[in-house]
Amino acid sequence: MEGNEANDKISDTVDEGKELVEEVMSLCADRTETLERALALMEQLTAQFDELNKWLDQMDGELQGAASVTTATPAAELREMHDHNEELARSVAAYRPIIEGFKSDVGALEEILAEDQSPLLESVAGELVQGYEDVREAVRARGHAIDNMMGATIGFGERLETLVANLQGAADRLKENEGISADPSVLESRLAENRSIVESLKDKQNAYDALKQTANELLATAPEGTGGDVENKLNRLDKLWKEIEREAQDRGVVLEDVLEKAKHFWSELDSCQKAVDDLRNRLELVEPATGHPEQLEEQQQIMAQVANEMERTRPRIEALSIAGQQLAGYVPDDEKAVIESQVANVRGGFSTITGLFAEKKRDLIAAMKEAMAFHGDLQSLMKWLDTAEGRLLKMAPVEHAKQMTEIGHMLDELHRFKDEVDERGVAKEQVVATALQLAADAPPHLAATVRQPVAELNGRWTRLNAALAEREHKLENSMLQMGKLVDAIAQLTAWMDKTKTTLREIAPPKTAMNLRDIEIAQCKLVVLSNDVHAHQHSVDTVNNAAQQYIRTSGALDAETSEKLGEMNVKWEEIQKLLKSLASEIEISKKEAENVGGEVERWQRWLEETEAALQSTKPTGGLPETAEFQLDEFKALKQDVETNSQPLETHLTATERYLREEETQGEDTWLAKTHATMKTKWSKVKELLVDREKKLQLAYEQAVALENALNDMEGWIVGEFIPENRGFRDCN
């Protein structure tokens, strides 16, 4: 018991050490991740800071070097100033996403930095952002001043032409800004450009209103029939203004909607990928604590937590797929393919997790069953040993036997006891074999806790057998001392006959495939071999007694000599039979392991294939998504077709063997496994046909839907675009 307590204490200490190491490793990993993120943010902020500083210096130089706007400024120079300021305004709009990204990165870095460092970062970043706002306001104010001066000093015709040119430039910028991207930074840039156009229209509102007022005054005083050209230009200007305003507003709504979808998709993609990676890491850390039911229960609780997390992650991945489809409806084909690839990667990762979870769960269940069976058998044997050792102590001393009848009774009692020990010996050998397997598969500190109680069992068992053998030798010596050589020979011959019969009974058939039965036969052989080895002393004692009798009396009588010869012949036969059986069982075991490995390989392949087919469900949507799913299924189908013939051959060979060995019945491991495999193979073939039909149908429906949408889009373009194009042509 002291050894058990010491081992338990060592095991607990090792477990605590492992938990501490894992906790430190986790903290180190988190810290490393934080530092790497901080480094990446610092490098990015440094690059952004340098770029923005350089741009602000350039803009300050441009604004300081620009001529002042005065009433004496010629019209041509005013137009040049106007064009130059428009370029500066476009540059300010282009840098809006960069400044927003800079502010976002500063906020992210502030969350990581120490409290005493954050104010310094905020101060430096604030100066830069304020510099941008100052430049933006300066460009805007200069634009107002130029427009006002042009309105006051330039004639109506030039003002009208300038405004038309400005509006045409805004329309061209809208056309250049047409493409929709899945990249949030690109979307923010295009949204900033769109807002710049809207702000530009607002800035020109006063000039536009003044121009319309001047035009109305001119038309009111112009002679009848002379203002048609002005009126036409004014109407075209009004239409162009409203069209740009409407298109910019509509496009802004679309861009904001797509930006929201893009941010949601990429955020969910990152979240789902992290969840999948976390699940994979947690599962990979679960290594069955072989032979330890308590730790296995803890691991099963961890698996239950992982299962709950998987159930929460599954709908998130489905939602991610829907978000991807919604975003893909707006973007070009190349970006659509990237979105679908990212979603497919997450789906594939989750499918891998599902398979890994099933494998770990199966291993844990098997380990738990094995551990419970091992500890149950071990405790049962220990309790039986307590009883057997007490029973041995209560047996009457051999020295008290003074008569042959008393020796005979003691021998009968001893042989019955030994039969019980041998019967239990088979279970003991099975426990030892299981312990060796458990220890081989377990980490060193767990293997030690498995070996220790088994070592104690072996030691007590060995001492019990030695005590029984010693008692038997004493009884046989007492018998010989009483001159009962014939009785001693008869006792040994009877034991040999019984042993030979038992050896023939345990021999497995040459075509045996059930590894469990062969291992049991091997355990029985070990027990019998130990018993035979223990009787070597008895055989030698009888032969020595016979030689002693011959030396003192001259010769044995014919009957005794014949029985002694028969005994020695049977002894040699038992030795040969033991060697022969050991070799046969070893060969049968290797063959059974090969067959069992083949059965388990096909069983595992069927389970994995069935799980893959069950998870292959059409999600609909875009043709590209449906085609991707169909291609994945075709790869799976190819694998099934490749393995179909070898599997059929294996099933046929197993069925032929089971027919030839009808005496084994339907309850053997092989028979049950074969029946299960046949059922699974039929189900796999049914699922294969069903999934192919459904995936093909989903693909055809997706193609039909896209064609219908394209036809609708073509009809809309044909109905409405020509009018807009014609209007633009008239400008």
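Bear in mind these aren't lab numbers, they're just calculated from the coordinates by the rules spelled out. Predicted, not measured: the structure shown is a model, and the values here were computed from it. In this analysis, Cβ positions are derived from the backbone assuming ideal geometry, glycine residues included, and neighbour counts consider all displayed protein chains.
Summarising the label geometry, the points placed 7 Å from Cα in the beta-carbon direction at LYS672 and HIS375 lie 2.3 nm from one another.
For region 93-137, what does the alpha-carbon gyration tensor say about shape, rounded, prolate or oblate, given a ≥ b ≥ c as the root eigenvalues, a/c under 1.5 as rounded, and a/b over b/c as prolate?
Details: a/c = 5.34, a/b = 1.83, b/c = 2.91.
Since a/c reaches 1.5 but b/c is at least a/b, the shape of region 93-137 is classed as oblate.
The 3J(HN,Hα) values that the Karplus relation (6.51, -1.76, 1.60; θ = phi - 60°) gives for region 135-140 are, in residue order, 5, 4, 5, 5, 5, 5 Hz. Gly and Pro appear as x. Spin-label model, ALA307 to THR32: label points 7 Å out along the Cα-to-beta-carbon direction sit 3.3 nm apart.
Of MET382, MET567, how do they rank once you tally other Cβ atoms within 10 Å and put the fewest first? Intermediate results must be reported in sequence, preceding the final value.
Working: MET382 13, MET567 21.
Least to most surrounded, the residues fall as MET382, MET567.
Couplings 3J(HN,Hα) for region 518-523, derived from phi with the Karplus relation 6.51 cos²θ - 1.76 cosθ + 1.60 (θ = phi - 60°), are 5, 5, 4, 4, 5, 5 Hz, where x marks Gly and Pro. Model label points for ASP270 and GLU110, set 7 angstrom from Cα along the Cα-to-Cβ axis, are 1.8 nm apart. Residue separation times 0.36 nm, minus the C-alpha to C-alpha distance between SER341 and GLU648: what's the value? Here the segment from SER341 to GLU648 would lengthen by 106.9 nm. Full extension of the chain segment joining GLU586 with ARG601 gains 3.2 nm, where the gain is 0.36 nm per residue of separation less the Cα-Cα distance.
Work out the FRET efficiency for GLU627 and GLU686 from their Cβ-Cβ distance, taking R0 = 22 Å, and round it to the nearest 0.05. Numbers along the way, then the final one.
On the way: r = 24 Å, r/R0 = 1.10.
So, using R0 = 22 Å, E works out to roughly 0.35.
Were the residues from ASP134 through ARG460 laid out at 0.36 nm apart, the gain over their Cα-Cα distance would be 108.2 nm. Residues ASP57, ASP334, ASP517 in ascending order of nearby Cβ atoms (within 10 Å, fewest first): ASP334, ASP57, ASP517.
Counting every other Cβ atom within 10 Å of each residue's Cβ, LEU697, LEU356 order from fewest to most as LEU697, LEU356.
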